[in-house]
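> First the structure, then my questions, so here it is.
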Amino acid sequence: MGSCCSSEKVDEGVVVTPGNTTWRMFTYKELHTATNGFSDDNKLGEGGFGSVYWGKTSDGLQIAVKKLKAMTSKAEMEFAVEVEVLGRVRHKNLLGLRGYCVGTDQRLIVYDYMPNLSLLSHLHGHFAGDVQLDWKKRMKIAIGSAEGILYLHHEVTPHIIHRDIKASNVLLDSDFEPLVADFGFAKLIPEGVSHMTTRVKGTLGYLAPEYAMWGKVSESCDVYSFGILLLELLTGRKPIEKLPGGVKRTITEWVEPLIAKERFKELVDPKRRGNFDHNQLKQAIYVAALCVQSEPEKRPNMKQVVGMLKGYDTRGNLMQTRMDSVKYKEELLALDQRSDDDDDDDDDDGDGLEESCGVFGAMEVQKMQDPYNRYGNRKSSKHI
């Protein structure tokens, strides 16, 4: 197979450095070989965008390759946005661009492979039975994720709104350092612009009410999503749960009365079995409660969030133990399909809401064949 990097010939290993970033142009042949022909055995996850495969290059680098399913105008736009954003960002808590491949009928993005997959896998997926997420790791994931979002909002120009902060988009390296991933829905915000109105994209349960209902997007929408993510990390519960009788309950509806009564211990993920830092728990709950306020102007920015989580911003200690959250309207909850089938990675093509399924899905990862050691030991995903 020839190169798929436009009509020009591009040698394998070419390094391009736009500004202060470094990434690599891959040929289709190289990625085809690295993933054993995009074998199902190498598939990490899939969604509406296509599939993600584990691979290994000839020089031993483990990679994750996102292969777009169809070249629609929407897919083209998301590919272009993600490549542009990834080319701009460089932070220890953001999954950067390793490279990409583009041709007449193929679009592929290459990332570093994260051996511990996503936070979703540990909270609700096939790692959920393992007691790997101790309290220290959870706080590390919370603070690192917040620092990555802070960088997007305050340190890169133009500022970037992620629009799809959720557990499947927080990847974990071998040391459980979090990396926020999947920038296909990201918005670059021009200087001086506080908010924009746009088509709603993202995952219901994490969406700020003003965005879910009216399409008003701002940095505060990511703050709200982070608040939901933090509650999920602390409690081990999903953003939207299906109760007996088909009733759906959001995580904020569940935690609100417990926070009001300061029954913080009852909020903690039962898998922790009482092993957590009480002061850190209380502070993290306060931070989450601030982040999910119904009015955007009442939410902190990500600089304040990081400060509170690290303990040097005392705003969280001063607030009342009360959440001013809102419920999603019934018509919005009706669009949610994710809570019906716990780890279903099929794309929801329902009306009105576009959703990505993360770089690495929650599905069980199969044994993956090393293309450069075909007759040796087969690689298992559970090696950390």
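> Within region 156-177, which residues are farther than 20 Å from residue 231 by Cβ and either in contact (Cβ under 8 Å) with a residue 40 or more places away in the chain or buried (at least 17 other Cβ atoms within 10 Å of the Cβ) (or both)? Give the derivation first.
Looking only at region 156-177, we keep the residues that are farther than 20 Å from residue 231 by Cβ, and these are 156-161, 173-175, 177.
Selection gives 156, 159, 160, 161, 173, 174, 177.
> Okay, moving on. For region 69-83, which positions are in contact (Cβ under 8 Å) with a residue 24 or more places away in the chain and farther than 19 Å from residue 202 by Cβ?
Scanning region 69-83 gives 71, 76, 83.
> For region 90-108, check the following and say yes or no: at least one residue is under 30 Å from residue 150 (Cβ atoms) and loosely packed, with under 15 Cβ neighbours inside 10 Å.
Among the residues of region 90-108, at least one is under 30 Å from residue 150 (Cβ atoms) and loosely packed, with under 15 Cβ neighbours inside 10 Å, which makes the answer yes.
Listed here are the residues, each with its yes/no results for (1) within 19 Å of the chain's Cα centre (by Cα); (2) in the same structural domain as residue 166 (by TED's automatic domain parsing); (3) among the small types (Gly, Ala, Ser).
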| position | (1), (2), (3) |
| --- | --- |
| 40 | no, no, no |
| 49 | yes, no, no |
| 53 | yes, no, no |
| 58 | no, no, yes |
| 61 | no, no, no |
| 72 | no, no, no |
| 76 | no, no, no |
| 83 | yes, no, no |
| 100 | no, no, no |
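> How many residues does region 19-37 contain that are outside any loop (DSSP other than H, G, I, E, B), at pLDDT 90 or above and under 16 Å from residue 62 (Cβ atoms)?
Count: 4.
> For region 268-282, which positions are of a type in the set (S, T, N, Q) and farther than 10 Å from residue 139 by Cβ? Give the steps one after another, and end with the answer.
Here is the first cut: in region 268-282, the ones of a type in the set (S, T, N, Q) are 275, 279-280.
Residues satisfying the conditions are 275, 279.
Residue-wise test of (1) modelled with pLDDT under 90; (2) in contact with a Gly (Cβ under 9 Å, 6 or more places away or on another chain).
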| position | (1), (2) |
| --- | --- |
| 78 | yes, yes |
| 86 | yes, yes |
| 89 | yes, yes |
| 124 | no, yes |
| 137 | no, no |
| 145 | no, no |
| 164 | no, yes |
| 182 | yes, yes |
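> A follow-up question, please. Give me a count of the residues in region 48-84 that are in a helix (DSSP H, G or I) and within 20 Å of residue 118 (Cβ to Cβ).
Our first condition is that a residue be in a helix (DSSP H, G or I); within region 48-84, this holds for 73-84.
Next cut, within 20 Å of residue 118 (Cβ to Cβ) only: 78, 82.
The qualifying residues number 2.
> Is it the case that residue 238 is surrounded by fewer than 16 Cβ atoms within 10 Å (Cβ to Cβ), in the same structural domain as residue 218 (by TED's automatic domain parsing) and in contact with a helix residue (DSSP H, G or I) (Cβ under 9 Å, 6 or more places away or on another chain)? I'd like the intermediate steps shown before the answer.
Details: surrounded by fewer than 16 Cβ atoms within 10 Å (Cβ to Cβ): no; in the same structural domain as residue 218 (by TED's automatic domain parsing): yes; in contact with a helix residue (DSSP H, G or I) (Cβ under 9 Å, 6 or more places away or on another chain): yes.
Taking the combined requirement at face value, the residue does not satisfy it.
> Looking at region 97-119 only, could you name the residues that are of a type outside the set (S, T, N, Q) and assigned to a loop (DSSP other than H, G, I, E, B)?
As a first pass, look at region 97-119 and keep what is of a type outside the set (S, T, N, Q): 97-103, 105, 107-115, 117, 119.
Hits for region 97-119 are 97, 98, 103, 105, 113, 114, 115, 117.
> I'd like the full set of residues that are within 16 Å of the chain's Cα centre (by Cα) and modelled with pLDDT under 90, limited to region 203-253.
203, 204
The values are calculated or read from the model by the stated rules, or taken from the named source; none is laboratory data. What you see is a predicted model, and the numbers here were worked out from it, not measured in a lab. Every residue, glycine as well, gets a Cβ built from its backbone with ideal geometry; the counts of neighbours run over all protein chains shown.
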